[in-house]
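Data first, discussion second: the structure below is written as structure tokens.
The values are calculated or read from the model by the stated rules, or taken from the named source; none is laboratory data. As the structure is a prediction and not an experimental result, all values here were calculated from the model. Here Cβ is always computed from backbone atoms with ideal geometry, including for glycine, and neighbour counts include all displayed protein chains.
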Amino acid sequence: MFRGCLLFLLLTQSCGEFNVSPYISKTADSKTNTKQLSLISQNESTAGTSYKIAVLSDTHNYYKELEDQVEYINARKNEYEFVIVSGDITNLGLLREYEMTKRLLEKLSIPYVVAAGNHDLLSNGESIYDQMFGSSNFAFTYKQTKFIVYNNNNWEATGRIPDLGFVEGQLASSSSSNNIIISHVSPEDSDRWDEAQVNEVRNLVSSYGVDYYLNGHDHNPTCSDFSGATRCTVGAPVKGKILELNLSNSGVSHQFVEF
């Protein structure tokens, strides 16, 4: 009996914490994106009109590679204003995975925001993301650029997904020179979207002159034309690259840099 109890304790205890289940979803770590957006806003007044940001995605279980990306960015912290992560920071949507990745992201010397990925919303992940990061649809303006982040994980999320009304409302109210949309899944994913759905996003992009559409999900970093915008798949850390965006009053450009 004693041995059985001891084995149970060993299996359920980690780093001094007693975990009844790996599916625990309650976290006191809240609204990280809101806090990070406040930091981004505070830095805006001292930033030049030309600046760079770093975009990451699909960190999943690539903790070592993510750590390398963080070190690369920190070594060049004066070159970047902030970091955007376009989703899938977990593999199974478990709280422990969220916590492990967030600990690595917290080592960044510059602010960051995180979009919701499809893996992040598995199990109780939707509740955890909402608690830890806030709404999965959000937007902000930095200098001359509006960034619109929305949840298009239609198989994993609940509610109105994707909420293209939110995206259009943000585009319609934008007075920015540059407009950038970020989601996790590609708007051209033929497994998830039929032709009418793809065309609905295409029409939004072309009607409002969107400059860039950034997504994750597919782990290979690539860029192509999407209804007049440049659509970039950010790529996973295991591919050894970081997407850089160069932003100014004259437009947006990109490059993939090795870390």
**Study point:** Residues that are within 16 Å of the chain's Cα centre (by Cα), farther than 20 Å from S127 by Cα and either charged (D, E, K, R) or not in a helix (DSSP H, G or I) (or both), drawn from the stretch 54-66
**Key:** A54, V55, L56, S57, N61, Y62
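Rundown of residues vs (1) outside any strand (DSSP E or B); (2) of a type in the set (K, R); (3) at pLDDT 95 or above, yes/no style:
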| residue | (1), (2), (3) |
| --- | --- |
| Y213 | no, no, yes |
| H217 | yes, no, yes |
| D225 | no, no, yes |
| R231 | no, yes, yes |
| G235 | yes, no, yes |
| V238 | yes, no, yes |
| I242 | no, no, yes |
| N246 | no, no, yes |
| V252 | no, no, yes |
Exercise for review: Might you check whether a residue that is among the hydroxyl-bearing types (S, T, Y) and closer than 23 Å to L92 by Cβ occurs anywhere in the stretch 202-210?
Suggested key: no
Check your understanding: Do any residues in the stretch 26-49 that are part of a loop (DSSP other than H, G, I, E, B) have Cβ atoms under 9 Å from those of residues that are among the basic types (K, R), where the two are at least six apart or on different chains, and which pairs are they?
Key -> D29/K102; A47/K143; G48/K143; T49/K143
Check your understanding: Do we find a residue being at pLDDT 95 or above, within 22 Å of V257 (Cα to Cα) and surrounded by fewer than 18 Cβ atoms within 10 Å (Cβ to Cβ) anywhere in the stretch 82-101?
Key -> no
Revision key, fill the gap. Counting only residues that are assigned to a helix (DSSP H, G or I) and either without any contact (Cβ under 8 Å) to a residue 40 or more places away in the chain or over 15 Å from the mean Cα position of the chain (by Cα) (or both), the stretch 76-102 contains a total of 5
Study note, to complete from the structure: Residue count, the stretch 232-243, condition crowded, with 18+ Cβ neighbours inside 10 Å, out of contact with any Cys (no Cβ under 7 Å at 6 or more places or on another chain) and either touching a residue at least 24 places away in the same chain (Cβ under 8 Å) or on the phi > 0 side of the Ramachandran plot (or both), comes to 6
Study note, to complete from the structure: Filter the stretch 176-193 for residues that are hydroxyl-bearing (S, T, Y) and within 21 Å of the chain's Cα centre (by Cα); the one that is surrounded by the fewest Cβ atoms within 10 Å (Cβ to Cβ) is S186
